[in-house]
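These notes are about the structure you will find just below.
Quick note: the coordinates plus some simple rules give every number you see, no bench work behind them. Being a predicted model, the structure only gives us computed values, none of them experimental. Using ideal geometry, Cβ is built from the backbone for each residue, glycine included, and neighbour counts are taken over all protein chains shown.
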Amino acid sequence: MSNPVTVEVTRGNLVESRHRGMIAVVDGDGDLVFSLGDIDRPVFPRSACKAMQALPLVESGAADAYGFGNRELALASASHSGEDEHVALAAAMLKAAGRDADTLECGAHWSSTQQVLIHQARTLDTPSALHNNCSGKHAGFICACCHTGTDPGGYVGYDHPLQREIRETMASLTGVTLGRENSGMDGCSIPTYAVPLKSLAYGFARMTTGVGLEPVRARASRRIMEACMAEPFYVAGTGRACTRLMSIAPGRIFAKTGAEGVFCAAVPEQGVAIALKCENGTTRAAEAMVAATLARFFDRNSDVHAALMASANHAMHNWNGIHVGNVRVTAVLTD
């Protein structure tokens, strides 16, 4: 199946690039609400599934034992920018479990956000693992291990008890069998699993609605997603797409990006969840796709719809502030 063109980028009066994509929107019963392209094709969700990976932190009782609130749960589900607040909170989470940055196995990197990178370069000799965009997720992993008496050493490995639990959790939510044959290694060294977009959307729809989930998992799912919506800064950071989208309609939109053009989102009041991928992995196009898809589930005359479409269709300016072109979604996303 050929995926449709979902986003165009113009320069001057010409289309400079076109981006194809696939989108699945599913409700809690698993019914398809809207779709484009080959939604049965397995894709690696990468960081878009972090809310699922955070479930053991809550279900094990670790989050309560360490006194974690919305900010900690949002950071455990985050791909943060490495801003000072993110780093401090990740360190505090580890301290609550009697650990420090030396326990982290995610590696270290500079921020991918320019202003944060400049700040880091001015204040740091080198970044630590706490600055890794996944440090909150990994801090959550370590806390879950420490609370249950599991040795966190090697917690990123495929055969570690925590990763087995995460694999079983994600398989239960999505309905997809996960194993070595459909796994790879993520940027932060944990396993990542390829699943069809429709199944990924279904997993988030179940987390959003609680349909078909055991009470403990339904409560944990709701708690994590509500935490992300309550503290969008800790899910991403200043100016980042996830933070911007959730801030447009506080408490009404969940959104989480993943590498290579993947995005997951949900509109709890409508009981639907979204999973999408820009075929060529372009983040800019995936951000436009998710904004326009979210807009479908809000009144066309509302400020929320207008703000989402303004995020989907926006001007590009060069370093002199001159308007040079536009990012725009195609009719397949607006009809």
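Cross-link candidates for residue 256: which aspartates and glutamates have Cα within less than 17 Å, leaving aside residues fewer than 8 places away along the same chain?
72, 186, 226, 231, 287
Please turn the phi angles of the stretch 114-124 into ³J(HN,Hα) values with the Karplus equation 6.51 cos²θ - 1.76 cosθ + 1.60 (θ = phi - 60°), one per residue in order, whole Hz, x for glycine and proline.
Once θ is set to phi - 60°, the couplings for the stretch 114-124 become 4, 5, 5, 4, 4, 4, 5, 5, 7, 10, 10 Hz.
Suppose we look only past 25 Å in the calculated P(r) of the stretch 99-249. What percent of the Cα-Cα pairs does that tail hold?
40 percent
Taking the Cα centre as origin and putting +1 on Lys and Arg beta-carbons and -1 on Asp and Glu beta-carbons, what dipole magnitude results for the stretch 141-265, to the nearest 20 debye?
500 debye
In the chain, what cysteines have no partner Cβ closer than 4.7 Å?
Cysteines of the chain left without a disulfide-compatible partner: 49, 143, 145, 146, 228, 242, 264, 278.
Please enumerate, by chain and number, the lysines with C-alpha under 20 Å from the C-alpha of residue 95, excluding those fewer than 8 residues away in the same chain.
Partners found: 137.
May I ask you to evaluate 6.51 cos²θ - 1.76 cosθ + 1.60, the Karplus curve with θ = phi - 60°, for each residue of the stretch 246-260 and list the ³J(HN,Hα) values in order in whole Hz, giving x for glycine and proline?
6, 6, 5, 9, x, x, 10, 10, 10, 8, 8, 8, x, 5, 6
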